[in-house]
Amino acid sequence: MSKIGKKQIIIPEGVEIEIDSNLVKIKGPKGEFEFKVDENFKIEKEDNILKVIPKKLDKKTKALWGTMRTLLNNKIIGVKEGFKVSLILEGLGYTAEKIGEKELAFKLGYSHPVKIEIPEGIDVVIEKTKEGFLITCIGIDKEKVGQFASQIRSLKPRDSYKLKGFRYQDEFVKPKPIKKSIGK
């Protein structure tokens with residue numbers, strides 16, 4: 001039995017849910033989703049409470065039960081409040097700017113600017129701070145927001161020697177001492 005899978009999902013005010021066999025339609029103030037539930041599960045709605053119930057308990061359904069419940073809960077939270085992931089770009093001469101609504105351009109110490117396209121359904125806000133540039137990815141789909149933030153971070157992950165590059169806002173990278181060569 002899954003501890004997470006057994007938990008009920010409370011539907012917040014302003015969110016409408018329609019269940020059509022294995023398809024769950026979720027509408028909220030920020031947007032709407034269609035979520036396809038695995039055929040081994042059924043969704044029950046009572047008043048403003050959702051339950052994910054396995055049709056039969058076997059090895060596969062036990063493994064997926066908590067995942068199905070969490071994915072459905074994330075979709076509900078997304079249409080109600082949304083998700084955001086913040087990155088910090090640090091380094092002398094490193095810059096970030098938004099070109100139009102669909103593209104970001106970074107100067108990361110290469111001979112050319114690095115451009116990356118913003119996926120549909122995600123908004124990016126760039127602010128200049130004392131530390132460097134604060135890049136905030138905002139959207140209703142937790143997977144897409146996290147994946148895009150990870151894609152940006154992979155362009156130039158923070159170096160633990162020079163402390164340059166991208167890091168998550170709540171991430172701490174322990175600085176390492178600079179290696180010194182012993183002269184003869």
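The values are calculated or read from the model by the stated rules, or taken from the named source; none is laboratory data. Not measured: the values here are computed from a predicted model. In this analysis, Cβ positions are derived from the backbone assuming ideal geometry, glycine residues included, and neighbour counts consider all displayed protein chains.
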Q: Would you be able to say whether some residue in segment 94-103 is touching an Asp or Glu at 6+ places or on another chain (Cβ under 8 Å), in the same structural domain as residue 155 (by TED's automatic domain parsing), modelled with pLDDT of 90 or more and not basic (Lys, Arg)?
A: yes
(Q) Against the definition (farther than 30 Å from residue 36 by Cα and at pLDDT 95 or above), how does residue 135 come out, yes or no? (A) yes
Q: Considering each of 59, 45, 25 in turn, give the residue that is surrounded by fewer than 16 Cβ atoms within 10 Å (Cβ to Cβ), more than 29 Å from residue 118 (Cα to Cα) and free of Cβ contacts under 8 Å to residues at least 24 places away in the same chain.
A: 59
Q: Would you be able to tell me the number of residues in segment 153-184 that are under 15 Å from the mean Cα position of the chain (by Cα), over 22 Å from residue 81 (Cβ atoms) and outside any loop (DSSP other than H, G, I, E, B)?
A: 2
Q.
Can you find, within segment 68-99, the residue that is nearest to residue 132 (Cα to Cα) among those that are among the β-branched types (Val, Ile, Thr) and in contact with a Ser or Thr (Cβ under 9 Å, 6 or more places away or on another chain)?
A. 88
Q: For segment 99-118, enumerate the residues that are under 25 Å from residue 163 (Cβ atoms) and surrounded by 11 or more Cβ atoms within 10 Å (Cβ to Cβ).
A: 104, 105, 106, 107, 108, 109, 113, 114, 116
Q. Inside segment 55-83, can you point out the residues that are hydrophobic (A, V, I, L, M, F, W, C) and closer than 16 Å to residue 35 by Cα?
A. 64, 65, 68, 71, 72, 76, 77, 79
Q: Kindly provide the set of residues from segment 7-63 that are in a loop (DSSP other than H, G, I, E, B), under 26 Å from residue 122 (Cα atoms) and not hydrophobic (A, V, I, L, M, F, W, C), ordered by number.
A: 12, 13, 14, 28, 29, 30, 31
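Residues checked against (1) aromatic (Phe, Trp, Tyr); (2) over 26 Å from residue 74 (Cα atoms); (3) surrounded by 12 or more Cβ atoms within 10 Å (Cβ to Cβ); (4) in the same structural domain as residue 101 (by TED's automatic domain parsing):
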| site | (1), (2), (3), (4) |
| --- | --- |
| 120 | no, no, no, yes |
| 124 | no, no, yes, yes |
| 132 | no, yes, yes, yes |
| 135 | no, no, yes, yes |
| 146 | no, no, yes, yes |
| 154 | no, no, no, yes |
| 164 | no, yes, yes, yes |
| 173 | no, yes, yes, no |
